[in-house]
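Let me begin by presenting the structure, written as structure tokens, before commenting on it.
Where a number appears in this text, it was derived from the coordinates with a stated rule and is not lab data. Since we're looking at a predicted model, the values are computed, not measured. Cβ: placed from backbone, ideal geometry, glycine included. Neighbour counts: every protein chain shown.
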């Protein structure tokens, strides 16, 4: 075989190998000190990364350290007043109570980094079919404020940045966190190019729900079978929107052992949920970016395992494409 032909084949194989890599955004700076005993398990990001590497689900080369989202990207979604005061540490006591997190420079930095990580995951998804961020899903952040442990709305920022750069026209969000994505629903209210689907606990936070494109409310105690049947019933409406990309919020908090969940899904049921959503996206040929969203199990190892299962499912999908 001529040398130039061999080089061409090697080059092609190298490119195919890159495409088969699951690019996952993570940085140690996803951690910020929010105080011992806080209900938000901020150590989970590092623990998920460590478990996925130690078991071989991820290779070190597949973990990409994100850059912070640019100020221009963030201002596509959030008001200049909010972002300016957030960066300067000038949020009011009432705003901080609503946010539920203590302000620090590290908190601001991690919020910009997580938003950059979700944008990276989305770009990876557009190139290879799937990408992931080991953070993100901060769906309670509104344009003018943070809320419910959510400082910046990373998915909204990613969608607006992709549209500005003419990489997508239409997008959809499949939000399977146990809490309604009220910030996301409000940001995209009236925007017919973005389909917001939230499947959440009817009696859970937030008390006053926003209106998503499609809201599915579940009674307390909903278990695996009813949850999966409901998801299968409603997911086709998301695909009917014909999105160029889907953002999947694989919340760990529908888990029966979650302190803030009120639903009764098992780890196996949540694993089936992830596999179903990602397989349906693959079957429809729609790129999907996964983000972690919430999880507050009494045993943090359960939360970590649930989040790891999302990445395992993503890796399985990519290797079968």
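Annotations for the structure displayed:
- Counted over all Cα-Cα pairs of the chain, pairs farther apart than 28 Å make up 35 percent.
- Structure remark: mean-square fluctuation, Gaussian network model of the chain, C-alpha springs under 10 Å; the largest value among 247, 195, 239 belongs to 239.
- In this label model, residue 54 and residue 143 are separated by 4.5 nm, measuring between points 7 Å along each Cα→Cβ vector.
- Footprinting exposure proxy for 99, 113 (fewest neighbouring C-beta atoms within 10 Å first): 99, 113
- Theoretical FRET efficiency, 1/(1+(r/R0)^6), r = Cβ-Cβ of residue 170 and residue 220, R0 45 Å, to 0.05: 0.85
- In this label model, residue 279 and residue 240 are separated by 2.3 nm, measuring between points 7 Å along each Cα→Cβ vector.
- Acute angle (nearest 10 degrees) that the helix 3-19 long axis makes with the longest principal axis of the chain, alpha-carbon atoms: 20 degrees
- For 119, 91, 71, the sequence from fewest to most other C-beta atoms within 10 Å is 71, 91, 119.
- Of 204, 182, 301, the one that fluctuates the most in a GNM where the chain has Cα springs shorter than 10 Å: 301
- Set of segment 198-226 residues, backbone N closer than 14 Å to the point 7 Å along the Cα-Cβ line of residue 232: 224-226
- A simple spin-label model places the labels of residue 316 and residue 94 4.8 nm from each other, with each point 7 Å out along Cα-to-Cβ.
- With respect to the chain, whose longest principal axis is taken over its alpha-carbon atoms, helix 267-284 is tilted by about 50°.
- Helix content alone sets the calculated 222 nm mean residue ellipticity of the chain: runs of n ≥ 4 DSSP H residues at -39500 (n - 2.57) each, divided across all residues, give -14500 deg cm²/dmol.
- For the chain, the longest principal axis of the alpha carbon atoms and the long axis of helix 300-320 meet at an angle near 30°.
- Remark: relative contact order (segment 41-320) = 20 percent; criterion is Cα-Cα distance under 8 angstrom and separation of 6 or more residues.
- Each part reduced to its alpha carbon centroid, segment 98-140 and segment 285-321 end up 15 Å apart.
- Computed extension length for residue 65-residue 208: 47.8 nm, one decimal, from 0.36 nm per residue of separation with the Cα-Cα distance subtracted.
- Exposure proxy ranking for 193, 293, based on other Cβ atoms within 10 angstrom of each Cβ and starting from the fewest, stands as 193, 293.
- DSSP-defined antiparallel bridges as percent of all bridges, segment 41-320, nearest 5: 10 percent
- Contour minus Cα-Cα distance for residue 87 and residue 36 (0.36 nm per residue): 16.0 nm
- Between the alpha-carbon centres of segment 25-65 and segment 154-199 there is a gap of 25 Å.
- The stretch between residue 79 and residue 301 holds 76.2 nm of extra length on full extension. This uses 0.36 nm per residue minus the Cα-Cα distance.
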